[in-house]
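Here's the structure we're looking at; comments come further down.
The values are calculated or read from the model by the stated rules, or taken from the named source; none is laboratory data. None of these values were measured; they are calculated from a predicted model. Every residue, glycine among them, receives a Cβ derived from its backbone with ideal geometry; neighbour counts consider all protein chains shown.
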Amino acid sequence: MNPSTVSILMPAFRPHATFLREAIESVMRQTHPHWTLLVHDDPSDTDTEAIVRPYLHDERISFGRSKKRLGIGGNWNACLRQARGDCVQFLFQDDVWREGYLAACVAALGREPSAGMVMVHHPYRADGDRAEHFMAAAGYDVLPALRREAIPPGKHDGTALLLAWLERGLRPNLIGEPSFVMLRRSVTEQAGTFLEDMTQGLDVEYWTRALQKTSLVAIDENLGFFRVHADGASMRNEEAGQGLYDRLRCFETLLHALPYGTLRRTTERAVAEQLGVMARKFFARLRGGKRVDGGGAGGALSFSLRHPLLLIRGLLTLAQPERAPVL
């Protein structure tokens, strides 16, 4: 197998036909030719196969569909299990790459053989007025600059980067969305699969596992864009109040995995601070009449009961002046 072969994975669910075509066509324009693309549909009332069919003349492109609804994480894992290239790269159905994206990532891994991850800085594009409002409220307009400041171009030790991210309480998603992160398949095999019961933060949780396995290379070049629109998962989850407690799940997996040491102590401190943030956010949403996902709230309660000392530390922060919000 060509060492630069890339398995591109595109999980699909009720895609917007125009956006999906733009995503596929951005793959076909890549200057790096050694790739395969799997579009894998989670069943719905949308005929995704009909949208993809005109592209199946390219033998590098294939289509698959689950027999039953798997959800976001389940569909991501269904794709991941079929990856065969040396490199694994997701591309979401709404996002678009510039033609040099794959070439730049593969070259970065070639220059740094000990690195197993590449992140590519990228802008966010709003589609519609609602999306523009959501982007501003969520801080997407300043996120690219913040990422560049936190993770400058070049190679970064995974453990050191994870430690710095934990100091920020894993806020924001500094590594970025899966559409702009390439991994060696050997790293995905070590890190395992995505947590299927998470709704919003499953990529953040996965990056915390991957960074414990390898170093990362950051590319400071806009090689595509992440699309934000009213039917996208990010906006739907936020409006439904889902994923509000997913960051606690990220901390939970770290607490289980990390031996006692600097990373563990930093995680515990971040957890206590996050419990305070969660409490403020929970009560703020209730006061504002916004919906809060009950399953998420139950997960937070269970987490707190499993870590009572961290809960006490977190609740003590409620008596302190609230810190400036972090994205």
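Kindly check whether there is at least one residue in region 113-135 that is in contact with a strand residue (DSSP E or B) (Cβ under 7 Å, 6 or more places away or on another chain) and among the aromatic types (Phe, Trp, Tyr). Yes, region 113-135 contains at least one residue that is in contact with a strand residue (DSSP E or B) (Cβ under 7 Å, 6 or more places away or on another chain) and among the aromatic types (Phe, Trp, Tyr). Just one of the listed residues (Ala131, Ala103) is modelled with pLDDT of 95 or more, at negative phi, in a helix (DSSP H, G or I) and outside the structural domain of Val271 (by TED's automatic domain parsing), and it is Ala103. Anything in region 208-225 that is of a type outside the set (D, E, K, R) and over 26 Å from Glu22 (Cβ atoms)? List them, or say none. Thr208, Ala210, Leu211, Gln212, Thr214, Ser215, Leu216, Val217, listed by residue number.
Within region 160-187, restricting attention to residues that are assigned to a loop (DSSP other than H, G, I, E, B) and touching a strand residue (DSSP E or B) at 6+ places or on another chain (Cβ under 6 Å), the residue that is surrounded by the most Cβ atoms within 10 Å (Cβ to Cβ) is Ile175.
Checked against the criterion of being free of Cβ contacts under 8 Å to residues at least 24 places away in the same chain and more than 23 Å from His16 (Cα to Cα), the candidates Glu132, Glu112, Glu149 yield just one match: Glu149.
Looking only at region 121-138, which residues are farther than 15 Å from Gly176 by Cβ, under 20 Å from the mean Cα position of the chain (by Cα) and surrounded by fewer than 16 Cβ atoms within 10 Å (Cβ to Cβ)? Residues satisfying the conditions are Ala136, Ala137.
Let's see how each residue does on (1) in contact with a Gly (Cβ under 9 Å, 6 or more places away or on another chain); (2) part of a strand (DSSP E or B):
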| site | (1), (2) |
| --- | --- |
| Ser4 | yes, no |
| Arg14 | no, no |
| Leu20 | no, no |
| Ile24 | no, no |
| Val27 | no, no |
| His32 | yes, no |
| His40 | yes, yes |
| Glu59 | no, no |
| Phe63 | no, yes |
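Once region 144-159 is narrowed to residues that are in contact with a helix residue (DSSP H, G or I) (Cβ under 9 Å, 6 or more places away or on another chain) and in a helix (DSSP H, G or I), the residue that is farthest from Arg209 (Cα to Cα) is Ala150.
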